[in-house]
Ligand SMILES: Cc1ncc(COP(=O)(O)O)c(C=O)c1O
C-alpha cells in the first residue's frame, strides 16, 4: 500500500450524495419520493432552479476569457465587485478590505484555515455544522472543535462560545471562529441582533496579546461564512455587518463569499475570501499570504467564471435582473418555510428558530433509525449525530422540496 497510512480508510463518498443518489434512483423507477437531502435550490418540479440571467451571462463570456489564465488572486474587477457587494453599506469595513478569488466558499474556507491557524490547531465552530468544515480542517492538518450552539431556551449559546474561545486561546494562543450566518446550514438558524451584540462583546473581550499567561486572550479571527445570506428571513441580509464594526483592528474579520447560492451557479466554482485589515502593512502581508496559498493549491480560479460573476455584480441591468430573479426564488423558499412552520410545531417537532434558509434541522434522539424508517416511506432526510454529545437530528433541505410535499414531509418527520 503506497497510500500514506493517515489517508487509508478515508470515505470516498459524501454520505449526503449517496442518500441523494438512492432517492434519485428510486424516483426514476417511478416511486413518489420526497428528497430533502441536497443543498441546492430546486423548483417545485424538482429541477435545479437556475436564474436565467446568470445562465445567459455565463454563455456571453468570450472564449478568450474561458481559455486564458486569471491572475492568481483573481481579476481586480472581480475583487472590487465582491467587496462592494458585501460591504458597500459598511464603509469602515470596506475601506480596509482585501479579497481573493477562490473556488466557491469552500476555497475561501480552505485559505482561512491555512493562514490563520497553525498546523495541528483547531478551528472553532457551532456544535451543529456543515460537515465539510471537518474535512477541510483535516485536509489542512488542522482539527475542528465545537461549542454548544443552543442554550436551554433555544437561544444562541454565547456563554459556551466564550468558554470555548477562552480555552482555545489559552491552549493555542490563537483561535479561528467560524460562524455560518445568516441562515445557518444545517439548522436554518440566524442570530438575532441581540445575539450578534453578545457574540461581538464576547470576542472583543477575548481579543488581545497572548502573553503566555493563560488568561484566555490571544489572536482572534472571526470568519463569517455567509454562503446563504441572501436566502434568510425578511431582515436585511447585510444587517449583521453593522455589529462587527467594534471588532475592527482587534479581531481579524474574514468573510467567505460564494456565487454558488448568490447566483445559483454552483458548478462555476466562484467565490472569495474577504479580509478586513485596518493596518496597511499588515493588509499587504495578508493579501500576499492569501495569494501565495492560491498559487500553492489551485493556482488560479476559473477566469470565465470570474468574468461572468463580475458582470452579474456590476452591470446595472444584469444586476437588477439577477436581483428580481433571486427575489422570486426567495419568495418560493419562504412559502415552503411558512408551510413547514405552520405544520411542524403543532405536530410536536423540535427545531431551532427558523425564518428562512435552505435547511432546517429537526432534533431527534434516534436520528439514524428515524431517517432509515423515513427512507422506507420514500422520504429522504440527512441524519446527524454529534460525536461529542450524542445529540441527534435530521437535516431537512426545504430548498429541494416542493411546497405541495411539505405536509407529507412533516408527517414522516412526526
Ligand atoms: C455552510 C456552507 N458554507 C460554504 C459552502 C460553500 O459552497 P461552495 O464551495 O459551492 O461555494 C456551502 C455549500 O453548500 C455551505 O453549505
Any chance segment 337-349 includes a residue that's modelled with pLDDT under 95, in a loop (DSSP other than H, G, I, E, B) and within 24 Å of the chain's Cα centre (by Cα)? no
Would you pick out the residues in segment 175-184 that are within 14 Å of the ligand (Cβ to nearest atom), on the phi < 0 side of the Ramachandran plot and surrounded by 24 or more Cβ atoms within 10 Å (Cβ to Cβ)? 178, 180, 182, 184
Scan of segment 360-395 for residues that are in contact with a helix residue (DSSP H, G or I) (Cβ under 7 Å, 6 or more places away or on another chain), touching a residue at least 40 places away in the same chain (Cβ under 8 Å) and in a strand (DSSP E or B), ordered by number: 360, 362, 379, 380, 382, 384, 393
State yes or no: is residue 259 within 22 Å of residue 79 (Cβ to Cβ) and touching a strand residue (DSSP E or B) at 6+ places or on another chain (Cβ under 7 Å)? yes
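Return the only residue of 101, 70, 6, 63 being touching a residue at least 60 places away in the same chain (Cβ under 8 Å) and more than 15 Å from the ligand (Cβ to nearest atom).
Numbers: 101 fails: more than 15 Å from the ligand (Cβ to nearest atom); 6 fails: touching a residue at least 60 places away in the same chain (Cβ under 8 Å); 63 fails: touching a residue at least 60 places away in the same chain (Cβ under 8 Å).
Exactly one of 101, 70, 6, 63 is touching a residue at least 60 places away in the same chain (Cβ under 8 Å) and more than 15 Å from the ligand (Cβ to nearest atom), namely 70.
Condition test on residue 71, is it over 23 Å from the mean Cα position of the chain (by Cα) and either surrounded by fewer than 20 Cβ atoms within 10 Å (Cβ to Cβ) or outside any loop (DSSP other than H, G, I, E, B) (or both)? Step through it out loud before you land on a result.
Numbers: over 23 Å from the mean Cα position of the chain (by Cα): yes; either surrounded by fewer than 20 Cβ atoms within 10 Å (Cβ to Cβ) or outside any loop (DSSP other than H, G, I, E, B) (or both): yes.
Yes; evaluated as a whole, the condition is true for this residue.
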Residue ID - surrounded by the most Cβ atoms within 10 Å (Cβ to Cβ), chosen from residues in segment 299-308 that are assigned to a loop (DSSP other than H, G, I, E, B) and more than 21 Å from the chain's Cα centre (by Cα): 300
Filtering segment 26-38 down to residues that are farther than 20 Å from residue 412 by Cα and either in a helix (DSSP H, G or I) or within 16 Å of the ligand (Cβ to nearest atom) (or both) yields 28
Filter segment 126-162 for residues that are surrounded by fewer than 21 Cβ atoms within 10 Å (Cβ to Cβ), within 16 Å of the ligand (Cβ to nearest atom) and farther than 25 Å from residue 206 by Cα and give the result. 131, 132, 135, 139, 140
Matching entry among 289, 256, 275 (being within 16 Å of the ligand (Cβ to nearest atom) and in contact with a helix residue (DSSP H, G or I) (Cβ under 6 Å, 6 or more places away or on another chain)): 256
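When the residues of segment 106-125 are filtered to those that are within 12 Å of the chain's Cα centre (by Cα) and touching a residue at least 60 places away in the same chain (Cβ under 8 Å), which remaining residue is nearest to the ligand (Cβ to nearest atom)?
Top of the filtered list is 106.
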Hits in segment 81-93 - residues which are more than 16 Å from the ligand (Cβ to nearest atom) and in contact with a strand residue (DSSP E or B) (Cβ under 8 Å, 6 or more places away or on another chain): 83, 87, 93
Positions within segment 76-97 being under 13 Å from residue 272 (Cα atoms) and out of contact with any helix residue (DSSP H, G or I) (no Cβ under 8 Å at 6 or more places or on another chain), in sequence order: 76, 79, 80
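Quick one: would you say residue 286 is under 23 Å from the mean Cα position of the chain (by Cα), at pLDDT 95 or above, farther than 24 Å from residue 131 by Cβ and crowded, with 17+ Cβ neighbours inside 10 Å?
Numbers: under 23 Å from the mean Cα position of the chain (by Cα): yes; at pLDDT 95 or above: yes; farther than 24 Å from residue 131 by Cβ: yes; crowded, with 17+ Cβ neighbours inside 10 Å: yes.
Yes.
Determine if segment 32-48 includes at least one residue that is loosely packed, with under 10 Cβ neighbours inside 10 Å and outside the structural domain of residue 397 (by TED's automatic domain parsing).
So far as segment 32-48 goes, no, none of its residues is loosely packed, with under 10 Cβ neighbours inside 10 Å and outside the structural domain of residue 397 (by TED's automatic domain parsing).
The values are calculated or read from the model by the stated rules, or taken from the named source; none is laboratory data. From a predicted model like this one, the values you see are computed outputs, not experimental measurements. Reconstructed Cβ throughout: ideal geometry from the backbone, glycine too, with neighbour counts over all protein chains shown.
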